[in-house]
Amino acid sequence: MKQKKNTKKLKNIKKIIKKYSTKKTHIINNLKIKVNIYGRIISIRKMKKNIFLNIQDIENNIQILLNEKNTIEYKYKTKNLKIGDIINIKGKIFKTKTKELTIKCKKIKTLVQTSLFLPDKFNKLKKKETKYRKRYLDLIVNIKTRKTFIKRIKIINLIRKFLLKKKYLEVETPMLHHIPGGANAKPFNTYHNKLNNNMYLRISPELHLKQLIIGGFTKIFELNRNFRNEGISSYHNPEFSMIEIYKAYSNYKNMMKLTENIITFLIKSLKQNKIINYGKHKINLNLPYKKITMKKAIYIHTNYFQHINELNNKQKILTIAKKLNINLNQKIGNIINKIFKITTEKHLIQPTFITKYPIEISPLAKKNKKNSKLADRFELFIGGHELVNGFTEINDYKEQKIRFKKQMKNNKKIKLLNKEYINSLKYGLPPTSGLGLGIDRLVMLLTNNTCIKDVILFPTLKKQ
């Protein structure tokens, strides 16, 4: 009986490697599997009458053998080949004497010839400035960079998958706002010519999302960009990716549980160890995460207070704030928060939920029933930085109006009162909680990158 010829040509380097790299040499060489692949040349080695190329796509690379015996128009087609060229290869899979999976090339076609030399493949692309400005080169020569961004894409898709499975609906809200709101941040100003209006790139989608809950949605999320016209650092980029999630008939404790579940799902789906390396730290992502109040965290991680009750003593707080060069001309809640940021955040390496935030810095969060000076709010810190912010939402329009006015009085960045949002609350916002999770910072954590520019394809840079 005649053996059926393998007429299907494989076109994916990853599939070729996955399917055939572990098979024995004699089996591979007898199968005569045809391939038709595309890629960029990353190395060329000439050995007598043979030429060995390595070509790569976004995830993998594979060896190609060209010689006079097998390759059509060998001399003509290989004369001008150089590193960086993009080529099409047709041929058959085999394994060399050293058991390396290789494609014996029958036909080669140069699709694009590079006009500039690529950086040396051994020295890679080491200068950070060049990596960020010329990300296309960084992706060509640095496999670590490619893996980081492939993982970023997977993380985003997995979060979406998790929430859709939990029956959350993905929605879209405007990027251009008439009134900036939803967070304490300086917006980017712009202008709409046709409407003859000043407008702002959004600093948060929060207020629009809660209006959708008023409208009848019960479980929603938005995964998109926010813009804040503020500093640039290893943890801040003016344009950044966030996911905001809202659920009716829930509270901030439900959002803390949801946060834990999302991170646990990601670790499992990515087949990643729950104890991860992050910079110089080993971080344990096993549940449950530690939960502690802001005041207790300050007390534990500083030597300024002999007893936790001293954090209720205004004079003691002002004395410590003065030592730390904190502006005393602000509300006591703001001062406590500044003390926390300066002295405590950097010590929160293992996953820690900080709760009971001062009401002064939580203009959209519901007051705690037992203590009206505190908000039903949390932030998750990992690796010494905030990753998630969440709270039970204010649903009393009178209370929200008072808070907005206080916020405007204390923060010169906020110049306009969002009357439309206050009016929408008059129609009734169900008991609701929400969270905002920084995608860029999450990717940093799960890829062991300590600079935000390493996880954003085109970070914001100074003009050259």
Legend entry - Calculated FRET efficiency for the pair residue 282/residue 302, C-beta based, R₀ 25 Å, to 0.05: 0.55
Legend entry - Per-pair calculated FRET efficiency, R0 = 25 Å: residue 50 and residue 27 via Cβ, rounded to 0.05: 0.60
Inset, instruction - Compute the length gained on full extension between residue 417 and residue 90: take 0.36 nm times their separation in residues and subtract their Cα-Cα distance, giving the result in nm to one decimal. - result: 111.2 nm
Inset, instruction - Kyte-Doolittle cut-off -1.0, length cut-off 18 Å along the helix's own axis using Cα: show which whole DSSP H helices in the chain pass. - result: 143-165, 252-269
Inset, instruction - Could you tell me which of rounded, prolate or oblate describes the range 104-177, using a ≥ b ≥ c as the square roots of the eigenvalues of the alpha-carbon gyration tensor, with rounded for a/c under 1.5 and, failing that, prolate when a/b is larger than b/c and oblate otherwise? - result: prolate
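Quick one: putting +1 on the C-beta of Lys and Arg, -1 on the C-beta of Asp and Glu, what dipole do you get for the range 189-300 around its Cα centre, in Debye to the nearest 20?
That gives the range 189-300 a dipole magnitude of about 580 debye.
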Inset, instruction - Heavy atoms only, probe 1.4 Å: what % of the accessible area of the chain goes to carbon and sulfur, would you let me know? - result: 52
Inset, instruction - Return the distance in nm (one decimal) between the two label points of a simple spin-label model at residue 457 and residue 198, each offset 7 Å from Cα along Cα→Cβ. - result: 3.4
Legend entry - Farthest toward positive dipole pole in the chain [+1 Lys/Arg, -1 Asp/Glu at C-beta], among 39, 89, 302: 89
Inset, instruction - Assign one of three labels to the range 339-464, namely rounded, prolate or oblate, based on the Cα gyration tensor with a ≥ b ≥ c the square roots of its eigenvalues; rounded applies when a/c is under 1.5, prolate when it is not and a/b is larger than b/c, and oblate otherwise. - result: prolate
Inset, instruction - Calculate, for the chain, the solvent-accessible area per residue in square angstrom, rolling a 1.4 angstrom probe over the heavy atoms of the protein chains. - result: 57
Legend entry - aspartates and glutamates with Cα under 20 Å of residue 341, excluding same-chain neighbours fewer than 8 positions away: 230, 310, 360, 376, 379, 386
Legend entry - Along the chain, longest interval not containing exposed chymotrypsin sites (Phe, Trp or Tyr not before Pro), exposed being DSSP loop plus at most 10 other Cβ atoms within 10 Å: 123-426
Legend entry - Under 5 Å, built H, 5+ apart or other chain: amide partners of residue 190: 199, 200, 201
Inset, instruction - At 0.36 nm per residue, minus the direct Cα-Cα distance, what do residue 80 and residue 67 gain on full extension? Give it in nm, one decimal, please. - result: 3.2 nm
Legend entry - Dipole of the chain [Lys/Arg +1, Asp/Glu -1 at C-beta], most positive-end residue of 387, 267, 329: 267
Legend entry - Anchor residue 161: aspartates and glutamates whose Cα lies under 12 Å away (excluding residues fewer than 8 positions away in-chain): 170
Inset, instruction - Just list whichever of 126/268; 9/48; 322/346 have alpha carbons separated by over 22 Å in the model shown. - result: 126/268; 9/48
Inset, instruction - Of the DSSP beta bridges with both residues in the range 141-261, give the percent that are antiparallel, rounding to the nearest 5. - result: 90
Inset, instruction - Please label the shape of the chain as rounded, prolate or oblate, based on the square roots a ≥ b ≥ c of the eigenvalues of the alpha-carbon gyration tensor (a/c under 1.5 means rounded; beyond that, a/b larger than b/c means prolate, else oblate). - result: prolate
Inset, instruction - Place a +1 charge on the Cβ of each Lys and Arg in the range 101-242 and a -1 charge on the Cβ of each Asp and Glu, then give the dipole magnitude about the Cα centre in debye, rounded to the nearest 20. - result: 1220
Inset, instruction - Measure up 75/99; 127/462; 316/406 against 20 Å on the Cα-Cα distance and list the ones that go over. - result: 75/99; 316/406
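The values are calculated or read from the model by the stated rules, or taken from the named source; none is laboratory data. No experiment lies behind these values; they were computed from the predicted model shown. Ideal geometry is used to build each Cβ from the backbone, glycine not excepted, and the neighbour counts take in all protein chains shown. Quick note on the areas: whole protein, heavy atoms, side chains included, nothing else; ligands and nucleic acids left out. Shrake-Rupley method; radii C 1.70, N 1.55, O 1.52, S 1.80 Å.
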